[in-house]
1. Which value results for Rg/Rh of region B:46-223 when Rg is the Cα radius of gyration and Rh the Kirkwood radius based on the inverse mean 1/r?
2. Under the definition of Cα pairs under 8 Å and six or more residues apart, what whole-number percent is the relative contact order of region A:12-60?
3. Using a simple charge model, +1 on the beta-carbon of Lys and Arg, -1 on the beta-carbon of Asp and Glu, nothing else, what dipole does chain B show about its Cα centre, in debye to the nearest 20?
4. Restricting things to alpha carbons, tell me how big the protein assembly as shown is in terms of Rg and Dmax, in Å.
5. Taking the Cα centre of the protein assembly as shown as the origin and placing charges on Cβ (Lys, Arg +1; Asp, Glu -1), which of A:304, B:24, B:221 is farthest toward the positive end of the dipole?
6. Within the set of other residues whose C-beta is less than 11 Å from the C-beta of residue B:214, count the net charge using Lys and Arg as +1 and Asp and Glu as -1.
7. How far apart, in nanometres, would the label points at residue B:101 and residue B:307 be if each is projected 7 angstrom from Cα along the Cα-to-Cβ direction?
8. Taking a ≥ b ≥ c as the square roots of the Cα gyration tensor eigenvalues, with a/c under 1.5 meaning rounded and otherwise prolate when a/b beats b/c, else oblate, which class fits region A:66-144?
Amino acid sequence: MGETAVPKTEVRCPVCEAPVLAGDSFCEACGHPLGAPTCTSCGAPAVDADGYCERCGLRQPTGRDHAELELDGGTAGVTDRGLRRSRNEDAMALLATGTQTVVVVCDGVGSSPRADEASAAAVETASAALARGVSTEEAFGLASRAVGKLATSVDDAPACTYVSAVVEGGRITLAWAGDSRAYWLSTGPRPTKTDPSADTQPVATDPPTVTRPVEAEASTDTRPVGVVPAAAIRPAVTGQVVGTQLTEDDAAPTGEITAWLGADYGDVRPHVRVLEPETPGLLLVCSDGLWRYLDGYTFPSTGSPLDMARAMLRHALDSGGQDNVTIVLIPLGDAHG
Amino acid sequence: MGDQPTFTLHIDQNKYLPIDGREVHAILTINSTGTVTTESATPAEAAEVIIIDTSGSMSGGKIREARAAAATAVQTLRDGVHVAVIAGTDRARVVYPNGPQLVRASAATRAEAQRAIGKLSAGGGTSIGQWLQLAAQMLSAHPNAIRHAILMTDGQNNERADVFAAALARCEGAFVCDSLGVGDDWVPAELRKVAEALLGTFDFVRNQGDLADFFRNLTQTSMSKTVAELVMRVWVPQTATLKWVKQVSPTLLDLTGKRTDVNPLTGDYPTGSWGAEDREYHLCVEVPPGQIGSEIRAGWVKLLRPDTQEVFASGNVLAQWTDDLAQSTRINGKVAHYTGQAELHELIQDGLSARAAGDVDTATARLAKAKQLAVDSGREDTARLLDKVVEVDPASGTARLRKNVDKADAIELDTGSVRTSKLRKNGEGS
Ligand SMILES: [Zn+2]
Ligand SMILES: [Zn+2]
């Protein structure tokens, strides 16, 4: 058998474009390492140790600029810098213990210094505490103290919002401060016994009967907790997936938040809410980088929670991506049968 | 490398660009300590050629001052420095030593050189290109030394412009040359060409009695250099264009045309030899449109030795797009200052050219504007010289060219316009 001519595809150095041999570790012409990571913008395998592409110059997204997490069981989260901020000051934590799923999302307060450190400290402290069985209120307090310790003075006080969700069995326990939110995304048929109008008017502005507060009033907080007032509940959709806001923002009518974790706030207390959805669905925990774009939005109805979270991120970016975006979805019941 | 000076490179810029922003400006400040840090280390070898104009116009008092100045320069050389002296007319002649090789300075050779200099007499024409080419040829025997020449002339170059330009091109990179013009019959534009081609300075010796001091200072500065030849290596992204690289302090020197390509994205720009000193450079990079929030390295600058590829200092010029006008419209003080200094230089050069060509309107407008800029940026000496050329009525602001301008004032203004002021801490020129 004669030799077969193997067509040689010409390989060129991504930086200086000199021809290089397959298998070489360095370009002989310019010394550029040939096994370098690939640039997210121009695709050249030319990202240097400082994180810059040696062909197009782009500083590569760092771990926090865009991150995705997925747990066994489908719980998934994405966090992204968005299009208008220089860094991502949101932080998220997703943990699965034996029986619980723990999610914490915090959004660094833009006007505070080192807000990215505040949100990172809060999610780390709170998620670890919740995973070892600490109560929702206590975990919130620990996170608040961790953020408070980052301050060197009242004028140098990193700050962040907070929302935590612990899901065990069919029960959801939420705690929050600031304007990060939780939504219930109902994917299943509504039982007619609790919502007679469900079949004909799935999008009405009626108070939602799809969720049921449980023992929320048992909280000893001095701050308002419990049932979200009907006026605050806005079903965001009309498709197969119906979204209902579960949290109530600590925010002035002008949008500024009125509660946060940080040394310049003092003794912040969380809102707490417990509920047991009766239909299958997904718990959405998110920062304002997503919910500011939810008016009139049709939630995705297919794909894994990670696929859906990515689709929601794309929607936020397509809508302007003004702020950092964090989206966590926890499937409950038979959400993905 | 214990005998190498320490370099630091600092970059001043506003990295934020508006959405449609394409031009990135940065001022690079390079500081060299020039200190020798180990006792055993000796300074780099040095080679010095002294070029004296001995054309006919030098006869009389001028040749006496020139002889004294050249003797002072020789006296200033430290032991071991390679030296030669060239006398220039319409041809170039080695007056010391007796042959085409440089000799090491010592008490004996310094005395011999001074005796040879003492015999110099004036007569003949002026061919500066030939003088420089002889210097380049002699210095080529010392490729690793800090190679330097001092050129002194009092008259106009007799060479054709293209001959002179070709001679300068052959000398580029062979040595650094500082020039001195004496009297009021020389042409600043010619010595400016020497300075630009050979990375040196040029200066006006208004009072010929000061010539020896000028020679001593230039020789001392040259002796203080400890690193022979460094280049500034600049990378820009594939889709970007490096619009210019200019030295802006202590003098303006455009390096853009002196690029040597390293690869399609990278080029080397010569900076000459270094002692203990500060220099500043202005870079302008045109970048492709970017996305809000994304950051790029728009320039990657390294100061390095081309023979060993050793990097002495490096830094990044960045660009980040933002829709926050407060960020993108913030003006970097240093960029603004040196942009102003370059504009002042151009106004003076344009104004003087227009004045020489008889275009009174253009000359008046440019020089009056230059005067205001000189005052605003703390260039008192320049403002004082401009005041001798153009008169501005403080009340009405009306400007007119002065008559009977001292030729030496015009030459001093012309020569000095490449010097820049530094930016004071409070943001004003000094
Ligand atoms: Zn290469
Ligand atoms: Zn790239």
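1. Answer for region B:46-223: 0.92.
2. Relative contact order here is 26 percent.
3. 580
4. Values for the protein assembly as shown (Cα only, Rg and Dmax): 36.7, 121 Å.
5. Looking along the dipole axis, the top candidate is B:221.
6. Net charge around residue B:214: -3.
7. Going by the 7 Å Cα→Cβ label model, 1.9 nm.
8. Because a/c hits 1.5 or more and a/b fails to exceed b/c, region A:66-144 counts as oblate.
The values are calculated or read from the model by the stated rules, or taken from the named source; none is laboratory data. In this text, all values refer to a predicted model and were calculated from it rather than measured experimentally. Please note: Cβ atoms are built from the backbone with ideal geometry, for glycine as well, and neighbour counts cover all protein chains shown. Note: accessible area is taken over every heavy atom of the protein model, side chains too, but ligands, DNA and RNA are not part of it. Shrake-Rupley method; radii C 1.70, N 1.55, O 1.52, S 1.80 Å.
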